[in-house]
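Let me begin by presenting the structure, written as structure tokens, before commenting on it.
We did not get these values from a lab; they are worked out from the coordinates using the rules stated. Since the model is a prediction, treat every value here as computed from it, not as a measurement. Ideal geometry is used to build each Cβ from the backbone, glycine not excepted, and the neighbour counts take in all protein chains shown.
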Amino acid sequence: MPLLLLAAASRMRLLFPLFALFLALTARAQINPEWTAPLPPFQIAEDLYYVGSQELAAYLVTTPAGNILINANLETSPPQIRASVEKLGLQWADTKILLNSQAHFDHMAGAAQILCETGAKNMVMEGDADVVESGGRTDFLFAVEAVPPYLPAKVDRVLRHGDTVEIGGVTLTAHKTAGHTRGCTTWTLPVHLPGEPPDRLRNAVIVGGVMFWSDFRLIDAGDQKASYPGIAEDFARTFRVLQALPCDIFLGAHGSYFGLKSKLSRLEKEGPQVFLDAAGYKEFVAKGQAAFEAGLKKEQEAAQQ
Ligand SMILES: [Zn+2]
């Protein structure tokens with residue numbers, strides 16, 4: 001090989017890791033602008049508020065004994081979430097518990113800062129707990145551009161399917177809806193809607209996530225291994241769990257899951273009743289399940305060839 005080419009090749013070898021590092025760092029910057037676009041906080045139910053951005057959902061459950069925050073979102077999100085909480089006239093320091101939808105960076109990268117500022121207890125589903133403590137580095141998709149690392153956060157309590165989180169007379173239930181991440185969590189809680197009879201409670205469901213994309217592998221086939229052993233069974237079980245949940249108020253980790261934008265346009269006129277959407281929930285679960293079954297079939301057929 002001519003000397004010049006040799007020099008170029010060795011420079012390439014040197015540059016490649018640098019380029020990979022550059023890509024890994026810029027992956028954080030490649031985010032949907034709606035993930036960071038602010039949104040004024042609003043009430044969903046009596047003790048339930050939206051404090052997220054236009055697309056990355058964060059919820060505050062208020063109780064006389066302190067508040068629960070669901071989702072810390074991006075590394076840049078904590079000041080935005082805090083501003084929303086304070087705009088509601090509530091104290092940031094009253095955040096006693098941090099919960100999450102899933103251990104990906106768009107829901108958990110802000111956790112370390114929020115825990116540091118509030119002293120809240122961090123409760124995470126098994127399967128995601130080690131991912132949160134490693135800052136995303138033990139995620140089965142780690143090294144994929146869409147799943148960058150983030151600041152690790154200590155976990156105070158590891159949750160299991162069906163566990164409850166109780167504070168100030170409010171009880172939330174954690175449903176393990178794994179597949180998207182190994183500990184992806186759907187939260188449910190009974191809430192009262194302003195204007196409804198005091199004894200009428202509604203079931204709020206905050207879906208953790210059911211999506212998968214081309215980086216996911218659902219089954220073993222030849223040299224290619226499933227993203228993690230049992231991922232297809234987890235997804236199948238997740239859809240059974242979601243189908244069985246009674247849902248009046250449909251919410252989720254991303255605004256787009258539950259049509260936040262169109263519901264917001266009706267909110268001022270119609271009030272929090274716009275979030276009553278049992279049919280939208282059923283449709284979301286059915287569509288997610290159909291996509292999963294089609295993806296699984298495609299992999300199974302490819303494996304047989
Ligand atoms: Zn995710």
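Around the Cα centre of the chain, unit charges on the Cβ atoms of Lys, Arg, Asp and Glu (plus for the first two, minus for the last two) sum to a dipole of about 400 debye. For the residues 122, 100, 203, a GNM of the chain with alpha-carbon springs under 10 Å puts the largest fluctuation on 203. Taking a spot 7 Å from the Cα of residue 146 along the direction of its beta carbon, which residues of the range 163-191 have an amide N less than 18 Å from it? Flagged as within label range: 178-185. Take the Cα of residue 65, step 7 Å toward its Cβ, do the same at residue 270, and the gap between the two points is 3.6 nm.
Note on 47, 215: ascending count of other Cβ atoms within 10 Å places them as 215, 47, the fewest first. Counting only DSSP beta bridges with both residues in the range 34-304, the antiparallel share comes to about 65 percent. For the listed peptides 272-281, 185-194, a ranking on the average number of other beta carbons within 10 Å per residue, highest first, reads 185-194, 272-281. For the chain, a/c is not less than 1.5, where a ≥ b ≥ c are the root eigenvalues of the C-alpha gyration tensor, and a/b tops b/c. That puts it in the prolate class. Judged by the ratio a/c of the largest to the smallest principal axis of the C-alpha gyration tensor, the range 160-261 counts as prolate, that ratio being 1.5 or greater while a/b is larger than b/c. Fully extending the segment from residue 83 to residue 303 would add 74.1 nm, taking 0.36 nm per residue of separation and subtracting the current Cα-Cα distance.
Fewest-first ordering of 131, 205 by other beta carbons within 10 Å of each residue's beta carbon gives 205, 131.
Put a dot 7 Å past the Cα of residue 291, heading toward its Cβ, do the same for residue 236, and the two dots end up 2.1 nm apart.
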